[in-house]
Number of protein chains: 2
Amino acid sequence: MNRITAREASERVGKPVRLAGWAHRVRQLGGVTFIVLRDRSGMIQCVAEGIDEACELTPESVIAIEGKAVAEPRAAGGVEVHVRALSVLAQAPAMLPFEVNKKAIEAGFDLQLDERVLSLRHPRNMAIFKVQAALADGFRRALRVRGFTEVHTPKLVATGTEGGAEMFPVQYFGRQAYLAQSPQFYKQMLVLAGFERVFEIGPVFRAESHNTSRHVNEFTSLDLELGFIESEEDIMALEEDLLGEMMTYVVETCREELALLGAALPAVGEVPRISVPEAIKILKESYDWEAPAGEINPEGERLLGDYVKKRFGSDFVFLTHYPADKRPAYTMPHPEDPTLTKSFDLLFRGLEITTGGQRIHDYDRLVASFRRAGYDPDAFASYLNAFRFGAPPHGGLAIGLERLTARLLNLNNVREAILFPRDKDRLTP
Amino acid sequence: MNRITAREASERVGKPVRLAGWAHRVRQLGGVTFIVLRDRSGMIQCVAEGIDEACELTPESVIAIEGKAVAEPRAAGGVEVHVRALSVLAQAPAMLPFEVNKKAIEAGFDLQLDERVLSLRHPRNMAIFKVQAALADGFRRALRVRGFTEVHTPKLVATGTEGGAEMFPVQYFGRQAYLAQSPQFYKQMLVLAGFERVFEIGPVFRAESHNTSRHVNEFTSLDLELGFIESEEDIMALEEDLLGEMMTYVVETCREELALLGAALPAVGEVPRISVPEAIKILKESYDWEAPAGEINPEGERLLGDYVKKRFGSDFVFLTHYPADKRPAYTMPHPEDPTLTKSFDLLFRGLEITTGGQRIHDYDRLVASFRRAGYDPDAFASYLNAFRFGAPPHGGLAIGLERLTARLLNLNNVREAILFPRDKDRLTP
């Protein structure tokens with residue numbers, strides 16, 4: 001008889017079952033042990049009477065059970081397992097750093113991260129990462145049907161996308177390399193190489209020393225790049241469709257996880273577009289909020305999220321026309337006002353989750369833009385040279401997977417959406 | 001009228017079409033220009049008569065075409081496009097470092113890698129990466145239906161899986177970090193955290209200084225880890241099914257790419273198992289080949305690949321029972337002979353493409369094994385501690401995606417299956 005999951009067992013009333021998992025909850029009651037067994041599928045109550053191995057069982061021990069599934073209206077899910085045999089594969093200590101069978105873990109967040117293997121066992125935490133996997137998979141599915149190829153580009157690089165600031169140096173056979181801040185150059189080069197449409201889901205590294213609830217130093221980027229566009233509008237339209245399909249996929253595949261997390265996913269219709277100059281005016285007029293140095297910082301983004309929610313009923317807003325001096329040198333200037341660019345951010349409930357735009361595809365123009373930004377084109381030769389051999393108009397975007405997850409599920413800290421977060425103070429576990 | 005691909009155009013005989021792509025081949029013939037347009041879907045012949053823009057067209061220029069699809073038995077695919085309008089979006093120089101419209105690129109491999117954006121345009125190279133994407137996706141699909149969760153684990157780590165040798169050091173906010181050699185510790189910890197079944201597709205980094213056709217310093221690892229196994233046999237059985245499903249998926253989704261590459265995919269049935277001691281005996285008896293220091297090196301693996309092909313008609317062989325002193329400290333010793341382990345490699349046509357096995361899941365035993373191997377358990381505390389809270393029996397494996405791709409497609413060098421390879425001498429592009 002093969003092992004089945006708790007969920008499968010709940011559909012086999014009257015049949016013998018074999019299960020394995022963790023003892024989520026253990027209660028001794030007059031010679032009978034009530035065990036809630038937890039596995040990757042969920043939980044099921046198991047009742048052990050006259051089973052010696054059950055008497056000393058501690059919560060979080062690993063157990064294997066043989067028994068019979070029986071209808072029991074008082075049990076959660078309406079089914080329980082009458083245990084015939086139980087073996088303890090690994091006994092957990094009587095004292096744990098914290099309990100994972102309460103509604104929430106009662107321990108500081110740092111301790112929860114220190115003991116990540118334990119805190120992840122809490123069903124809410126498990127659910128976060130099931131939703132996250134579905135988001136990434138939804139991204140992938142939506143792009144694959146549109147002819148995108150999934151690629152893997154190097155994380156060890158010779159120069160940075162934006163010139164080496166905020167990069168981690170790596171000792172590479174006696175020379176200095178860096179960890180890639182983004183696959184930006186490589187995804188563009190692959191469009192030029194004829195793939196036309198590529199995407200990558202992979203780690204990016206930022207040596208930013210600020211340590212906020214929104215920032216970590218390693219995260220997962222959902223990157224895409226697309227050739228033969230008319231303008232950055234094509235990228236924004238693609239993102240609208242993409243996010244819509246991702247939400248639908250998550251709703252379809254993570255119904256229980258969303259219910260457990262009490263999360264309602266947003267509808268993604270046509271997302272309002274507001275240019276940065278316009279947004280600065282709106283913030284001044286509606287909130288008496290002054291953009292410091294003409295920049296919409298996180299506080300401005302929060303207010304803007306509030307504004308579009310009230311004004312358009314939208315959880316999303318595209319901020320467009322970013323000033324050229326705030327965007328990387330490869331960003332396409334706006335034809336009507338070259339101090340602005342054909343780039344955008346997407347804010348979701350007042351938090352930036354995407355940066356994107358059209359790129360410069362003409363070699364001479366690109367080299368001039370790098371020079372103007374103060375970069376030595378020779379240091380970027382392997383990227384710039386690619387534009388000599390026929391480059392189509394193109395653009396793309398990047399979505400921070402953990403930020404998107406956290407915002408979607410109303411988590412307070414992006415670290416809650418990272419299995420093993422990395423920041424200035426945390427390199428373990 | 002929307003743009004369509006070359007493939008779509010070939011199915012629209014008699015209809016107007018709008019295309020964009022690269023001028024793969026350009027031929028002037030008595031006032032008529034014959035252009036083979038190449039895009040992400042394939043190629044189509046376009047005929048431009050009396051179109052000024054076509055007269056000076058160079059190969060590899062980026063073009064947009066409007067015209068009409070017309071049946072033409074003499075054209076490849078039986079359809080050509082009669083061009084009504086042509087615009088050159090980017091003109092390629094008359095002299096390219098090498099041509100990409102011949103059967104093979106006539107240039108040294110190093111130059112092809114230096115000019116990767118150009119060499120990737122060759123249809124054979126494009127096909128390699130379409131097959132590679134399908135392999136990774138087939139892996140993912142096969143695991144998802146088996147209840148595996150896709151995860152993302154940190155690439156910045158404090159200590160190495162095997163003790164810090166052959167790792168790249170990273171400067172991390174004034175302290176030393178390393179690049180992960182493998183997600184080994186993390187995938188095990190996630191099994192323990194209750195995910196039970198996890199997989200990851202991501203980069204791994206090896207600071208090995210040898211520079212062979214099989215080795216690079218950054219590659220993509222297909223990793224999985226599985227809880228509640230009986231033995232390493234469960235992992236091997238899973239890999240048989242997995243590889244079978246991956247091959248089927250590639251055949252179904254990459255028919256044209258496989259034809260272009262002249263690759264026949266292997267049948268994956270029951271894979272023969274040979275223990276390392278047995279294999280050493282076979283190599284001695286059948287090939288008079290002596291294993292240096294009791295180890296089956298790449299030459300031994302090649303001979304063994306030959307042996308199982310002749311003896312069992314199999315392209316694959318599991319080498320089992322690796323000596324304990326050749327495997328990491330977390331490897332489960334063999335109960336019948338503790339100098340051997342419950343671990344395996346999978347050889348494919350004589351090349352190692354997988355390492356896997358059962359791991360030690362008992363805390364005390366694991367700590368003792370780390371000590372015996374000469375490691376300080378304190379340095380691995382965040383990994384080892386996880387085993388105190390109830391760890392199920394588990395095991396897993398890792399497949400090198402690029403090696404698998406290269407072997408499957410009979411490529412001479414693993415670098416042909418990497419978009420932008422990294423080795424001791426190459427950090428760009």
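In chain A the Cα-Cα distances spread across 20 Å bins starting at 0 as 22, 47, 24, 7, 0 percent of all pairs.
Counting only Cα atoms, the size of the stretch B:6-90 along its three principal axes is 29, 27, 19 Å, in decreasing order.
Just checking the output field for B:119-129: average partner chain Cβ neighbours within 10 Å of each residue's Cβ? Display every interim value, and only then the final one.
Details: counts 1, 6, 6, 2, 1, 0, 2, 4, 0, 0, 8.
Mean number of neighbouring Cβ atoms from other chains: 3.
Neighbour counts of C-beta atoms inside 10 Å place A:D306, B:D110, A:D425, B:D423 in the sequence A:D425, B:D110, A:D306, B:D423, starting with the fewest. For the protein assembly as shown, the equivalent ellipsoid derived from the alpha-carbon gyration tensor has semi-axes of 47, 35, 26 Å in decreasing order. Think of it as helices only: each DSSP H run of n ≥ 4 in chain A is worth -39500 (n - 2.57), and spread over all residues that comes to -8500 deg cm²/dmol at 222 nm.
For A:R27, put the label point 7 Å out on the Cα→Cβ axis and report which residues of the stretch A:47-73 keep their amide N under 13 Å from it. The answer is A:47-48, whose backbone nitrogens lie closer than 13 Å to the label point.
Express as a percent, rounded to the nearest 5, the fraction of DSSP beta bridges in the protein assembly as shown (both residues included) that run antiparallel. Show your work: numbers first, answer last.
Working: 150 of 166 bridges.
If I count the DSSP bridges inside the protein assembly as shown, around 90 percent turn out antiparallel.
Going by neighbour counts of Cβ atoms within 10 Å, the residues A:R141, B:R74 line up, fewest first, as B:R74, A:R141. Estimated at 0.36 nm per residue, the fully extended path between A:K102 and A:E56 surpasses their Cα-Cα distance by 14.5 nm. Considering the stretch B:54-98, its Cα convex hull presents a mean projected area of 4.1 nm².
Tell me the net charge near B:Y322. Cut-off is 11 Å between Cβ atoms, B:Y322 excluded, with +1 for each Lys or Arg and -1 for each Asp or Glu.
On the way: positive: B:K326, B:R327, B:K342; negative: B:E232, B:E295, B:D325, B:D345.
With Lys, Arg at +1 and Asp, Glu at -1, the net is -1.
Here the Debye sum runs over all C-alpha atoms of the stretch B:36-173 as equal scatterers in vacuum, and log10 of I(q)/I(0) at q = 0.12, 0.13 Å⁻¹ comes out as -0.77, -0.84. Which net charge results for the neighbourhood of B:Y249, defined as the other residues with beta-carbon distances under 14 angstrom from its beta-carbon, given Lys and Arg at +1 and Asp and Glu at -1? Summing Lys and Arg as +1 and Asp and Glu as -1 gives 0.
Here, each number is a calculation from the coordinates, and none is a lab measurement. Model, not experiment: these values are computed from the prediction. Positions of Cβ are generated from backbone atoms using ideal geometry, with glycine treated the same way; all protein chains shown enter the neighbour counts.
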